[in-house]
Amino acid sequence: MAPPLSTPTAGGTGTLITVAPTGAEHAKADLPQLPTTLDELVDTARRCEAAGAALIHLHIRDDDHAPTLDPGRLREAVDAVRSETDLVVQLSTGGSVHDPLEARLTVLAAEPDSCSLTCGTTNFGDDVFLNPWRFMSDLYVQAQEREVVPEFELFDLGHVHALRRLLDTHGLPFGGRVHVDFVTGVPGGMPATTAALMAGVSMLPAEVTSWSATGIGRGHLPIMAAALSAGGHLRVGMEDNVMLARGRVVGHNEDLVCRAAELATLMQRPPLTTEEARGLLGVKERRGR
Ligand code: KMH
Ligand code: ZN
């Protein structure tokens, strides 16, 4: 029987802090502090781990700092972050809204510990973030076969229901744990409000063992506070939010992780260590190979 998810103790007392440092939407030209090169990514990973992050959600860029799903670069990034930190390494399978589905399905060949798996198509500002059932289903099965732990990204309440369908169709993911992340505040998805987040949490399948949340842009802090008070975990990072406060641009992803760690600690739910996060998520040991 899964623990009740609306209590402050769900998922243990500590807080899993995920950092999503880069994303696919911001331009390096506008934000030179956005980590886009391999060296910058590894340095960011190290500093964010020291600040309290236990999981890193990676998007990578090419030599022109544009989003890419190049298999060699993905592998290089996974290997480098894995050898320099103990962070759980998660690759984005969402990529950018311009990436074809076929290319997004090849990401797991880089052998990450975890991968994102968005549970449905959503409007994404003026664009469409495409996640048809067949794609989700193929990705889910591929993750099971490759022993990669999916993190289910829920942008809307309908995505919660689609997760139910995935579990009913394919059984539990590799590792037997089910971790989801509410991505709120995307124009086209659920709003970054406590009410919307709690509606999603109340609908989660009983198989879900932990959940986290992020608010895009302005909703960042309210969603962080709501998630902490309701027993959820946190995702922060420049992929989701580039403002530290009104008029203050984030100087480094580490600043967002530090703030999340401080708030979590104040709430008596200090950051999980990377080892605790590995247990929470049920990831396969791939270090030191
Ligand atoms: N860049 C967005 C279109 C994911 O990483 O899986 C999709 C995204 C979700 O960031
Ligand atoms: Zn992402």
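The values are calculated or read from the model by the stated rules, or taken from the named source; none is laboratory data. Here the structure is a predicted model, which is why all the values come from computation and not from measurement. Here the Cβ positions follow ideal geometry from the backbone for every residue, glycine too, while neighbour counts run over all protein chains shown. Side chains included, ligands, DNA and RNA excluded: accessible areas come from the protein's heavy atoms. Shrake-Rupley method; radii C 1.70, N 1.55, O 1.52, S 1.80 Å.
So the values come out like this:
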quantity: Mean separation of Cα contacts under 8 Å, 6 or more apart, over the residue count of the chain: relative contact order %; calculated: 26 percent
quantity: Debye equation applied to the C-alpha atoms of the chain, log10 I(q)/I(0) at 0.10, 0.11, 0.13 Å⁻¹; calculated: -0.45, -0.55, -0.80
quantity: Fully extended contour minus Cα-Cα distance, from Q33 to E76, at 0.36 nm per residue; calculated: 13.4 nm
quantity: Directionally averaged shadow of the range 209-254, computed from the convex hull of its alpha-carbon atoms, nm²; calculated: 3.4 nm²
quantity: Whole-percent carbon and sulfur share, accessible surface of the range 17-281, 1.4 Å; calculated: 54 percent
quantity: The range 203-278 versus the range 92-159: alpha-carbon centroid distance in Å; calculated: 21 Å
quantity: Cα gyration tensor shape for the range 25-86, rounded if a/c is under 1.5, else prolate or oblate; calculated: oblate
quantity: Amide H within-cut-off set for E153, under 5 Å, with H built and near neighbours excluded; calculated: L117, T118, C119, D181
quantity: Percent of beta bridges antiparallel (DSSP, the range 17-281, rounded to nearest 5); calculated: 20 percent
quantity: Estimated 222 nm signal from helices in the chain, with DSSP H stretches of n ≥ 4 weighted -39500 (n - 2.57), rounded to 500; calculated: -11000 deg cm²/dmol
quantity: Under 10 Å, Cβ to Cβ, from D62 - net charge with Lys/Arg +1 and Asp/Glu -1; calculated: -1
quantity: Local net charge near S92, Cβ-Cβ under 11 Å (Lys/Arg +1, Asp/Glu -1); calculated: -3
quantity: The chain, accessible area per residue, ligands and nucleic acids excluded (1.4 Å, Å²); calculated: 39 Å²
